[in-house]
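Participant: Let me give you the structure first, and then I'll get to my questions.
The values are calculated or read from the model by the stated rules, or taken from the named source; none is laboratory data. Please read these numbers as outputs of a predicted model, since none were measured by experiment. Positions of Cβ are generated from backbone atoms using ideal geometry, with glycine treated the same way; all protein chains shown enter the neighbour counts. These area figures cover heavy atoms from the full protein model, side chains too; ligands, DNA and RNA do not enter into them. Shrake-Rupley method; radii C 1.70, N 1.55, O 1.52, S 1.80 Å.
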Amino acid sequence: MASGEKVYRVAMLLRSDQDRVKEILGNQYLDCTFDYYQVDTLEAVRTTCLKICDIYDGILTSGLFSHQFISCYSAESGIPHRYFAASVENYYRQILLQTMHNPNLSLGGIHLDLMTERHNLPDILEENRLGPLMQEERTVVSRMTPEEVLEFEREMVGRHIRSIQNKDCQLFMTRSTIAAELFQSRGVPYIYVRLTSHEIFKTVDSLRREMERKQLKDSQVASIHVGLDPDCTPQQMNCVWKALEQFGKIRGTASPVFMRQDNCFEAITDAQTICALTRDHTYSELSDCLRTNTGLSAAVGYGIGTNVQDARENAITAAKYALSTAQRLNQTFLIDSSNQIIPLKTSLEPEQIEQVPARKIFEPAVNEIAQRSHLSSRTVFSLMMALQKQYRREGDSEWIMRELNVSMRMANKILANLENAGYAYISGKKLPSGKGRPSNIHTLCFDGGRDRQPAVD
């Protein structure tokens with residue numbers, strides 16, 4: 001480990017497979033140090049989590065039920081957490097091994113812990129439904145309260161007891177410590193699906209990336225810019241100001257403090273707050289609040305940067321994009337520290353906004369174009385906006401330099417990248433006003449037409 005690198009402290013709250021996880025990971029792996037806590041019940045998970053969540057960078061648990069308890073009791077601290085889970089491939093492997101080594105064992109006689117009375121394994125395998133069933137279980141449990149999780153676990157154990165009593169199962173296959181203890185006490189055949197080393201390493205790697213993202217967000221500055229039309233009246237400004245105050249009351253301490261300026265309002269905050277306000281960069285609740293309470297098309301822009309200046313510039317630029325689409329699209333944007341533009345949903349999406357042709361101003365293709373041409377989505381979007389504003393499809397390096405406020409070298413690079421990616425082709429020559437060589441005029445094709453055209457000599 002390099003000197004000065006961040007070392008993350010991770011708590012292992014394990015109900016099962018503790019010895020195997022410790023054997024594979026030890027006490028340190030991938031810049032993470034691990035402290036192991038054996039928690040035999042969900043109540044123990046709750047108690048331990050409340051004691052330790054403030055002193056660790058992340059938490060790992062041994063299953064979905066424990067993970068949901070962590071989600072409920074670590075919400076305020078925002079600590080990253082993951083859980084170890086047996087994959088679909090692991091289940092298939094165990095099923096194959098058991099049927100290979102036990103010729104008298106039928107697929108219909110194998111019972112998985114996520115199966116209910118209406119399921120049978122042959123149908124699940126034939127329809128390839130094991131993956132969807134596991135996803136369905138994750139979705140259901142993720143919406144539960146701790147009390148509902150406890151009841152869900154009791155229902156699972158009850159299903160197993162009924163199957164044992166009815167003698168309709170030859171072999172049980174489970175990931176649950178509780179279920180394994182039940183089968184052992186009743187003397188019925190069962191297989192405990194142990195985690196593979198790949199599943200363990202993959203989970204730790206996922207948590208490691210999440211802890212890094214949180215650390216980065218904690219160190220980044222963010223800004224919110226609410227812009228209004230230059231011709232707005234003082235009464236409209238007051239109306240927006242009152243709506244922002246109302247938004248602050250709704251959000252409580254999580255709301256940033258806005259400052260009033262000429263024809264705009266601004267707040268400086270941190271990236272974590274922006275993440276919470278926009279539901280992980282997906283939805284602008286503030287835009288809805290302003291539109292509902294003012295009836296005005298206020299342009300909301302979110303910006304994230306490594307310093308206040310960068311964050312403010314990104315927020316102002318995002319608000320300009322929003323203001324240019326306000327009458328037709330009601331779109332809100334976020335520009336992050338890597339200059340990527342993220343469109344945020346509003347109440348108009350997805351039903352009403354699909355009917356607005358102007359939605360083509362920003363669509364998922366922007367990020368694809370940016371990725372293929374090795375440019376930021378902010379650069380691509382700015383170029384698209386300039387083209388649309390001037391009703392043109394062509395441009396040269398000088399025009400790009402002027403419109404995007406970049407150097408000539410950067411303008412040439414933008415055109416070269418777009419041409420290499422198939423989004424631009426040479427369609428003419430521009431003669432210099434005085435001495436010098438002619439410059440190429442490019443046709444930019446962002447509207448889905450990526451067919452290369454022959455260059456003009």
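Participant: Name the residue that is least open to solvent (accessible area, probe 1.4 Å), counting only residues in region 225-260 that are at pLDDT 85 or above and charged (D, E, K, R).
Facilitator: Checking each candidate, the answer is Glu245.
Participant: Still on this structure, please answer the following. So which pairs qualify, if the first residue must be in region 250-277 and on the phi > 0 side of the Ramachandran plot, the second must be open to solvent by 60 Å² or more (accessible area, probe 1.4 Å) and at pLDDT 80 or above, the Cβ gap must be under 6 Å, and the two must be at least 6 apart or on different chains?
Facilitator: Going by the 6 Å Cβ cut-off, there are no qualifying pairs.
Participant: Residue under question is Arg392, and the condition is that it be of a type outside the set (Val, Ile, Thr), out of contact with any Cys (no Cβ under 9 Å at 6 or more places or on another chain), at pLDDT 85 or above and open to solvent by 80 Å² or more (accessible area, probe 1.4 Å); does it hold? Please lay out each step first, then the result.
Facilitator: Numbers: of a type outside the set (Val, Ile, Thr): yes; out of contact with any Cys (no Cβ under 9 Å at 6 or more places or on another chain): yes; at pLDDT 85 or above: no; open to solvent by 80 Å² or more (accessible area, probe 1.4 Å): yes.
Criteria not met by Arg392.
Participant: Ok, one more. Output the residues belonging to region 66-78 that are open to solvent by 10 Å² or more (accessible area, probe 1.4 Å) and hydrophobic (A, V, I, L, M, F, W, C). Break it down into steps so the answer makes sense when it comes.
Facilitator: Applying the first criterion (open to solvent by 10 Å² or more (accessible area, probe 1.4 Å)) to region 66-78 yields 67-68, 71-73, 75-78.
The answer is Cys72, Ala75.
Participant: Suppose we filter region 7-32 for residues that are open to solvent by less than 40 Å² (accessible area, probe 1.4 Å) and over 26 Å from Thr174 (Cα atoms); how many remain?
Facilitator: Counting residues in region 7-32 that are open to solvent by less than 40 Å² (accessible area, probe 1.4 Å) and over 26 Å from Thr174 (Cα atoms) gives 4.
Participant: If you take the residues in region 395-410 that are within 18 Å of Cys445 (Cβ to Cβ) and of a type in the set (Gly, Ala, Ser), which one is least open to solvent (accessible area, probe 1.4 Å)?
Facilitator: Once the filter is applied, the top-ranked residue is Gly395.
Participant: Please find, among Arg129, Arg138, Arg159, the residue that is over 23 Å from Cys72 (Cβ atoms), surrounded by 12 or more Cβ atoms within 10 Å (Cβ to Cβ), within 28 Å of the chain's Cα centre (by Cα) and among the charged types (D, E, K, R). I'd like the intermediate steps shown before the answer.
Facilitator: Details: Arg138 fails: over 23 Å from Cys72 (Cβ atoms); Arg159 fails: within 28 Å of the chain's Cα centre (by Cα).
None of the others qualify; the one that does is Arg129.
Participant: Checking Gln38 against (1) open to solvent by less than 40 Å² (accessible area, probe 1.4 Å); (2) over 15 Å from Arg208 (Cα atoms): exactly one of these is not met. Which one?
Facilitator: Only one criterion in (1) open to solvent by less than 40 Å² (accessible area, probe 1.4 Å); (2) over 15 Å from Arg208 (Cα atoms) is unmet by Gln38, namely (1).
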